[in-house]
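For reference, the structure is listed below as structure tokens.
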Amino acid sequence: MKSRHLIFIFLISVLFACNKDLLSKLPLDSPSDESFFSTQEELDLAINGAYTTLWWESGNMPYYLYLDATTDIAWSRGDYANVQTVQSGQFTTSASIFSSTWEHWYNGISMCNNILENMYRAEDVVEADYYNQIRGQALFLRSFCYFYLIELYGGVPWVTTMLSLDSSDLPRTAKEEIVQHLYDDLDTATLYLPSSWSGSDEGRATKGAALTLKARLALDESDYETAAASAKAVIDLGIYSIYSSYEDLFHYAGESASEIILPLPYLTGVKTNNIPQIEGPRNAPGYSILVPTQMLVDMYECTDGKPIDESSLYDPLNPFENRDPRLDQSIIRPGVWFNNYLFMTHPDSTKTYYANGTDTTRVENLEVTNAYATFTGYLWLKYLDESDLPDNVTTSEKSVILMRYAEVLLTYAEAKIELDEIDAGVIDAINEVRTRASVNMPSVSISMSQDELRDVVRYERTVELANEGFRLFDIRRWEYAEHIMPGNVYGRRKEAYWYDAITPDISQYGEPVYSNGDEIFNIISTNTFDASKNYLWPIPQEEMDVNENMEQNPGY
């Protein structure tokens, strides 16, 4: 079932199983002893330890998936991982997610710094290519850590050496300065990293991963020339391609797909996740905590490429027909079968159907009778593989994709569109994503205007990359957040409106707007957004308390 990355994740298993031993050898806040980093074995141990930083989690749930629930397209019940607090805009600087995220990424930076500062001890006893590959991986991983820090918090302390406790009160470095440092580091990583790894090294950072990270960083900084050039360099490698099935790409069937640039692997006995529990239906048995919103469901276009308020194919009485196929390949919605159950959410549907082979029986419908069934009436299908149910809801081996080729193509297209350098390459990049075999949405053409193509790319990033953690950075870059975040979050329809033919208007920001939404839907939470400060997270209060040189972001 899992054909790639198994040996690599086994190699880092000692870092998860024996973390205290690791930290004693790789200190995070003081220089290492004089002998460590002197052999290839020790460099292997050190770099594998640095890779553990990629497992950014809350509990055993990858936090990358939670990130979309800080935006308009997903919602998290019970404030798991603090994401509902962040989404609401009604938080203090002491919210734990701010300090835990800060600490997580700086721990990773410290491990990388320890390698880069001390690996010279092994330079004369290991092969030059191996030595450079260790350096390239450490630079990539440190850049990955800094990417999340600066995109979430803005300028942060730029640290490239091991610090003693009495020299750790560093001021913030301007974000723009850090970005230039990261460009340089990623250029070096690209030079040293191979295009691919084989055997026990599959799953490590590659040349393509370093270029993708540079393109992602540049796009978020609106440095479109660098973004386009870096994305084009990935394309020109000629080793990645769009996988035929969008749905399977995020299930076990797609784990060897050539679309994947950087995976986050899991393996029983080493490191597993609880995605099925957090995303799954109550009969899985799951908790239905992280769910897509009605807003996202309404954003999916019809198969003619038009939004639902413009398409003649849209029928509000049959709202899931004639829709972008990625809706049904991403989201479990009423009327579909999943895990042998007919998924139904109408308040009267206290019973549903269960299929056992050729037999179908009526059973209790926990998606209605359980008080904690999905509050929005939808579930994520993306990353929820039926083979994990029911035995592996807390021990899934399903890997998460940190980087993939579709992101690169959309980055290239967006950057070139913003530069107003629209050519056949831009059109091909967009169409390669839209015409995936299982999707086959209408192609775009060179005759379309810059504004029209911009809207297409922003639509594609919304639905193609949903539940992958990109939305927060996208709506910041596009300056959409202040327009789409404030207001009530809609849950299931109220029974009185369940069968009403209602079509929302789709705004210039791609957001569905209901004239009487507060009457139609149950309100499950309410968000605010202060554009003067909420485009960045606050510096954690814990950091402010201990670092007299730290300055808080404006407004906090």
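The values are calculated or read from the model by the stated rules, or taken from the named source; none is laboratory data. Since the structure is predicted, the reported quantities are computational estimates derived from the model, not experimental observations. Neighbour counts run over all protein chains shown; Cβ positions are idealised from the backbone, glycine included. When the accessible area is computed, the model is the full protein with side chains, heavy atoms only, and any ligands, DNA or RNA have been set aside. Shrake-Rupley method; radii C 1.70, N 1.55, O 1.52, S 1.80 Å.
Across the chain, the mean sequence separation of Cα contacts (distance under 8 Å, 6 or more residues apart), normalised by length, yields a relative contact order of 19 percent.
Counting heavy atoms of the protein chains alone, Glu41 has an accessible area of about 150 Å² for a 1.4 Å probe. Ranked by solvent-accessible area (1.4 Å probe, protein heavy atoms only, all chains present), the residues Tyr63, Tyr106, Tyr120, Tyr499 order from largest to smallest as Tyr499, Tyr120, Tyr106, Tyr63.
Were the residues from Ser312 through Ser35 laid out at 0.36 nm apart, the gain over their Cα-Cα distance would be 92.6 nm. Per residue, the chain exposes an accessible area of 38 Å² to a 1.4 Å probe, with every protein chain left in place. Electrostatic bookkeeping for Arg216 treats Lys and Arg as +1 and Asp and Glu as -1; over the other residues with beta carbon under 13 Å from its beta carbon, the sum is -4.
Residue-wise HN-Hα couplings along segment 228-244, as the Karplus relation 6.51 cos²θ - 1.76 cosθ + 1.60 with θ = phi - 60° gives them from phi, are 5, 5, 5, 5, 5, 5, 5, 4, 6, 4, x, 10, 10, 8, 6, 6, 5 Hz; Gly and Pro carry x. The accessible surface of the chain, taken with every protein chain in place and a 1.4 Å probe, is 46 percent carbon and sulfur. You can think of it this way: the chain between Glu452 and Ser96 has 124.0 nm of extra reach, that is 0.36 nm per residue less the Cα-Cα gap. Mind pulling the angle between the C-alpha long axis of helix 405-418 and the longest principal axis of the chain? Nearest 10 degrees, somewhere in 0 to 90. Taking the Cα atoms of the chain, the angle to 405-418 is about 90 degrees. Against the chain, whose longest principal axis comes from its Cα atoms, helix 40-51 is set at around 30 degrees.
Between 0 and 90 degrees, the angle of helix 424-434 with respect to the longest Cα principal axis of the chain falls at about 60 degrees.
Quick one: which of Lys214/Lys271; Lys306/Lys398; Lys271/Lys494; Lys207/Lys416 span more than 30 angstrom between C-alpha atoms? From the list (Lys214/Lys271; Lys306/Lys398; Lys271/Lys494; Lys207/Lys416), the Cα-Cα distance tops 30 Å for Lys306/Lys398; Lys271/Lys494. Per residue of the chain, the DSSP helices (runs of n ≥ 4 H) give a summed -39500 (n - 2.57) that works out to -11500 deg cm²/dmol at 222 nm.
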